[in-house]
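Visitor: What follows is a single structure, and I will ask about it in a moment.
The values are calculated or read from the model by the stated rules, or taken from the named source; none is laboratory data. The model shown is predicted, which means the values in this text are computed figures rather than measured ones. Cβ atoms come from the backbone with ideal geometry, glycine included; neighbour counts cover every protein chain shown. What goes into the accessible areas is simple: the full protein's heavy atoms, side chains included, and nothing from ligands, DNA or RNA. Shrake-Rupley method; radii C 1.70, N 1.55, O 1.52, S 1.80 Å.
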Protein chains: 2
Amino acid sequence: MFNFAPAFQTYYVMSEFNDKQHEILLVAERLFSEHGFDGTSVRDIAKAANINVAMISYYFGSKEKLLEALIIARIAGLRLQIENLHKEALSPFEKIDKLIELYITRINKNKGMYQIIHFEISSKKREINCESFNEVKRYNLEALRDIIEEGQEKGVFKPNINITLIPPTVMGTFFHFQMNRTFYTELLELDTEEKYDHYIKNDLTKHIQKTIKALLTYEE
Amino acid sequence: MFNFAPAFQTYYVMSEFNDKQHEILLVAERLFSEHGFDGTSVRDIAKAANINVAMISYYFGSKEKLLEALIIARIAGLRLQIENLHKEALSPFEKIDKLIELYITRINKNKGMYQIIHFEISSKKREINCESFNEVKRYNLEALRDIIEEGQEKGVFKPNINITLIPPTVMGTFFHFQMNRTFYTELLELDTEEKYDHYIKNDLTKHIQKTIKALLTYEE
DNA sequence: AACAAAACTAAACAAACGTTTAATTTAAAC
DNA sequence: GTTTAAATTAAACGTTTGTTTAGTTTTGTT
């Protein structure tokens with residue numbers, strides 16, 4: 001007689017989704033990152049996920065709440081795995097190299113999600129809750145600060161370094177390269193997916209590592 | 001009897017718009033950058049520009065052609081004014097400083113347009129003609145290459161520098177800072193527009209200048 | 001087998017979308 | 001002052017939008 005839509009799941013406190021919900025989230029992530037939130041209709045998602053349009057409202061409440069659920073579900077994966085890095089007996093230079101490598105691989109894996117978040121937080125249309133995203137950024141920044149201050153105490157890194165602006169340089173360089181992919185693909189003749197990925201893993205990562213190490217040791 | 005809509009103006013060869021067309025382009029630029037192309041309706045534009053909805057189709061043919069016209073009209077302004085920089089009797093270091101300052105002020109003035117272009121070129125929905133945009137990027141890259149190679153010949157810059165990846169670092173750092181404006185506003189307590197602009201003009205610009213100069217002189 | 005809850009569907013809904021139409025007003029030319 | 005083209009308008013067009021409804025099928029429990 002009555003239809004009980006599980007809209008209560010929009011609290012996500014349990015954050016346990018069934019297979020169908022996971023599939024919807026996966027499809028939505030791809031389409032939102034490729035065409036934007038406003039450029040993707042619920043029917044696009046339903047068609048790509050092979051489900052009925054009504055299932056989106058049924059499982060997530062609304063299209064906007066689907067976006068919310070997606071962001072919350074994915075942000076947890078953005079925190080860097082730096083726990084073991086701190087304990088390892090490495091030089092400050094090696095730690096910087098490893099941290100940047102962690103940054104790049106992590107961003108590279110979640111580039112679709114970053115695309116979505118970056119558009120949404122700089123958009124004045126919807127106000128998404130970016131507090132958990134900010135928390136991740138603060139956490140990653142503190143990890144970087146620890147490593148740099150350790151290097152400064154050992155005398156290998158120079159003082160007077162604006163540590164706050166280093167993540168923007170690391171991530172910004174990657175994103176700008178990614179954003180202008182077609183341009184750099186043509187310029188550097190990275191005509192296959194493999195060549196492109198190889199360039200990111202090697203040349204781009206090395207460029208960023210070299211840049212930050214140069215900055216940390218630069219005599220003004 | 002017949003209505004002759006000036007749809008021929010969509011060729012833009014003359015690229016001469018009247019006051020009303022300029023106003024529409026200005027409003028569309030703001031709204032597209034704030035809410036995205038798909039997040040902005042022609043009625044939003046019409047209301048903000050105080051004109052009738054039909055005027056957009058009348059003057060530009062369609063909403064997509066309006067975007068096209070906007071991009072073509074604005075891209076010309078993105079080329080750096082480096083003509084006189086090359087002639088000036090400055091050291092390679094001073095030239096790098098000046099070029100980066102030019103980069104930042106230019107991006108800062110056109111950040112709305114960059115927001116639009118970056119979303120559109122990385123979107124798989126519409127295929128915009130980015131050739132003129134790529135041309136600007138190639139031109140600016142060559143200007144940078146000239147300065148760096150001059151410095152290398154003089155022996156003040158090290159060899160083996162990936163020049164191609166320097167613009168992504170310069171622009172990427174700025175854009176990432178801009179993209180996460182609310183986060184850095186809170187972190188650095190830039191609670192007024194003046195403080196924020198001052199931080200970009202001074203701290204952020206100096207950070208990028210220092211970073212690139214460090215990279216150019218870094219002994220691996 | 002019988003029942004109830006959950007999962008799923010096709011259809012309908014109103015609102016918003018980009019665009020066009022047909023008519024009117026404004027502006028310029030003669 | 002008349003004529004003619006351009007500028008501007010309100011209304012309507014057909015789609016597409018996100019969401020809801022009302023019903024059916026599936027699933028799990030007793």
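Visitor: Just the residues that are surrounded by 20 or more Cβ atoms within 10 Å (Cβ to Cβ) and free of Cβ contacts under 8 Å to residues at least 24 places away in the same chain, please, taken from region A:183-220.
Guide: Once the filter is applied, which keeps residues that are surrounded by 20 or more Cβ atoms within 10 Å (Cβ to Cβ) and free of Cβ contacts under 8 Å to residues at least 24 places away in the same chain, region A:183-220 yields A:184, A:210, A:214.
Visitor: Condition first: at pLDDT below 95, open to solvent by 50 Å² or more (accessible area, probe 1.4 Å) and away from DNA strand C (no atom under 16 Å from the Cβ). Can you find one or more residues in region A:23-41 that meet it?
Guide: no
Visitor: Determine whether region B:42-64 contains at least one residue that is within 12 Å of DNA strand C (Cβ to nearest atom), touching a residue at least 60 places away in the same chain (Cβ under 8 Å) and open to solvent by less than 20 Å² (accessible area, probe 1.4 Å).
Guide: Checked against the condition, which is being within 12 Å of DNA strand C (Cβ to nearest atom), touching a residue at least 60 places away in the same chain (Cβ under 8 Å) and open to solvent by less than 20 Å² (accessible area, probe 1.4 Å), region B:42-64 yields no hits at all.
Visitor: Another question, if that's okay. Yes or no: residue A:125 charged (D, E, K, R) and at the interface with another protein chain (Cβ under 7 Å from one of its Cβ atoms)?
Guide: yes
Visitor: Would you tally the residues in region A:154-182 being of a type in the set (A, V, I, L, M, F, W, C) and free of Cβ contacts under 8 Å to residues at least 12 places away in the same chain?
Guide: 2
Visitor: Checking residue B:151 against (1) open to solvent by less than 30 Å² (accessible area, probe 1.4 Å); (2) within 17 Å of residue A:186 (Cα to Cα): exactly one of these is not met. Which one?
Guide: (2)
Visitor: In this structure, does residue A:80 turn out to be under 18 Å from residue A:130 (Cα atoms), more than 16 Å from DNA strand C (Cβ to nearest atom) and within 14 Å of chain B (Cβ to nearest Cβ)?
Guide: It is false that residue A:80 is under 18 Å from residue A:130 (Cα atoms), more than 16 Å from DNA strand C (Cβ to nearest atom) and within 14 Å of chain B (Cβ to nearest Cβ).
Visitor: Take residues that are at the interface with chain A (Cβ under 7 Å from one of its Cβ atoms) and touching a Pro at 6+ places or on another chain (Cβ under 8 Å) and tell me which of the helices (runs of 4 or more DSSP H) falling wholly in region B:144-220 contain 2 or more.
Guide: So the answer is B:166-179.
Visitor: Considering only region A:164-200, how many residues are of a type in the set (A, V, I, L, M) and within 22 Å of residue B:129 (Cβ to Cβ)?
Guide: 4
Every residue, every condition in (1) within 25 Å of residue A:128 (Cβ to Cβ); (2) away from chain B (no Cβ under 14 Å); (3) more than 16 Å from DNA strand D (Cβ to nearest atom); (4) not polar (S, T, N, Q), yes or no:
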site: A:66; (1), (2), (3), (4): yes, yes, no, yes
site: A:70; (1), (2), (3), (4): yes, yes, no, yes
site: A:76; (1), (2), (3), (4): yes, yes, yes, yes
site: A:89; (1), (2), (3), (4): no, yes, yes, yes
site: A:93; (1), (2), (3), (4): no, no, yes, yes
site: A:98; (1), (2), (3), (4): no, yes, yes, yes
site: A:109; (1), (2), (3), (4): yes, yes, yes, yes
site: A:117; (1), (2), (3), (4): yes, no, yes, yes
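Visitor: Tell me whether region B:115-127 contains one or more residues that are open to solvent by 80 Å² or more (accessible area, probe 1.4 Å), farther than 18 Å from residue B:40 by Cβ and in a helix (DSSP H, G or I).
Guide: No: region B:115-127 contains no residue that is open to solvent by 80 Å² or more (accessible area, probe 1.4 Å), farther than 18 Å from residue B:40 by Cβ and in a helix (DSSP H, G or I).
Visitor: For residues that are at pLDDT below 90 and either in a helix (DSSP H, G or I) or within 21 Å of residue A:116 (Cβ to Cβ) (or both), tally how many sit in region A:1-22.
Guide: Selection size over region A:1-22: 9.
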